[in-house]
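What follows draws every value from the coordinates through simple rules; no lab data is involved. Nothing here was measured: the structure is a model prediction, and the numbers come from that model. Cβ coordinates were reconstructed from backbone atoms using ideal geometry, including for glycine residues, and neighbour counts include every protein chain displayed.
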Amino acid sequence: MNQRIPVTIVNHVAIDIAVAADIVWKMIIEEIGEARGFRSVGTVEPLEGVDAPLGGYRLTSRDENGALDERVARLTERDEAARRLSVFAEFLSVPGGMIVYATYQAQDAQSGTRFSIDCHTREEIELPTGASAADLSAKIAEKTAFYDDALGDKMQKTKEKLECEK
């Protein structure tokens with residue numbers, strides 16, 4: 001028999017990009033804040049009103065196997081001076097639910113821009129009943145590494161795209 005244990009996975013990833021911070025900031029706003037990066041893969045409906053004072057959107061898409069991806073993202077911070085955007089996302093189609101708090105930032109750096117993403121992901125991990133704390137820690141480490149790799153790959157693609165456009 002298995003049990004589902006709620007956990008929080010923390011990821012901090014960053015990459016240096018050889019373009020001005022304003023260019024990276026513009027990409028953050030367009031791709032994440034305005035959901036342009038999602039429009040090619042699904043339906044994006046804007047959120048407005050009291051429950052999303054800074055804006056947000058509902059995304060619905062299906063992957064190549066037909067699996068549903070449904071999420072609601074609300075902007076929780078937009079700091080133009082710090083070039084920082086924070087988002088609260090609820091992944092509605094994930095069994096047991098998943099919540100992600102993510103902050104994207106473009107900071108001036110000697111090489112151009114330091115682009116960083118800091119995430120806290122709340123989800124459930126399935127383990128056999130009676131599993132130990134060490135078993136849970138190992139699963140958390142696996143998830144952390146998986147998300148680090150996925151975010152790192154996405155950042156590398158962003159770097160390549162922005163540096164090619166300059």
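Here are the numbers:
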| item | result |
| --- | --- |
| Count - residues of the stretch 56-71 that are within 20 Å of M27 (Cα to Cα) and either outside any strand (DSSP E or B) or in contact with a Lys or Arg (Cβ under 8 Å, 6 or more places away or on another chain) (or both) | 3 |
| Leading residue by the ranking (farthest from V24 (Cα to Cα)) among those in the stretch 104-152 that are surrounded by 15 or more Cβ atoms within 10 Å (Cβ to Cβ) and among the acidic types (D, E) | E124 |
| Count - residues of the stretch 95-151 that are of a type in the set (K, R), in a strand (DSSP E or B) and farther than 15 Å from A82 by Cα | 1 |
| Complete set of residues in the stretch 72-86 that are more than 13 Å from L47 (Cα to Cα), part of a strand (DSSP E or B) and in contact (Cβ under 8 Å) with a residue 40 or more places away in the chain | R78, L85 |
| Count of residues meeting criterion [closer than 22 Å to K157 by Cα and in a loop (DSSP other than H, G, I, E, B)] in the stretch 34-55 | 4 |
| Enumeration of residues in the stretch 79-103 that are farther than 25 Å from V7 by Cα and surrounded by fewer than 16 Cβ atoms within 10 Å (Cβ to Cβ) | D79, E80, A81, A82 |
